[in-house]
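Where a number appears in this text, it was derived from the coordinates with a stated rule and is not lab data. Note that the coordinates shown come from a computational prediction; the quantities given were computed from them, not determined experimentally. Please note: Cβ atoms are built from the backbone with ideal geometry, for glycine as well, and neighbour counts cover all protein chains shown.
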């Protein structure tokens, strides 16, 4: 729980410093991925899936928009 709060506070500090929209999106994506990783690690019986980097996620998202 402390890690989640630390990540959220870090995100807010970065936002307050006037980060670009892209870096805010990246920080948000990575924060959510880290939260999911922590949940998966707590459940020892589950096999944790490999997560995409933000760049891979963005590329896949742009490709899916282009194909629509």
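Some points to look at:
- Look at (1) under 21 Å from residue 3 (Cα atoms); (2) without any contact (Cβ under 8 Å) to a residue 12 or more places away in the chain and you find that residue 38 fails only one, number (2).
- Residues that are in a helix (DSSP H, G or I) and surrounded by 13 or more Cβ atoms within 10 Å (Cβ to Cβ), drawn from the stretch 39-68: 40, 54, 57, 58
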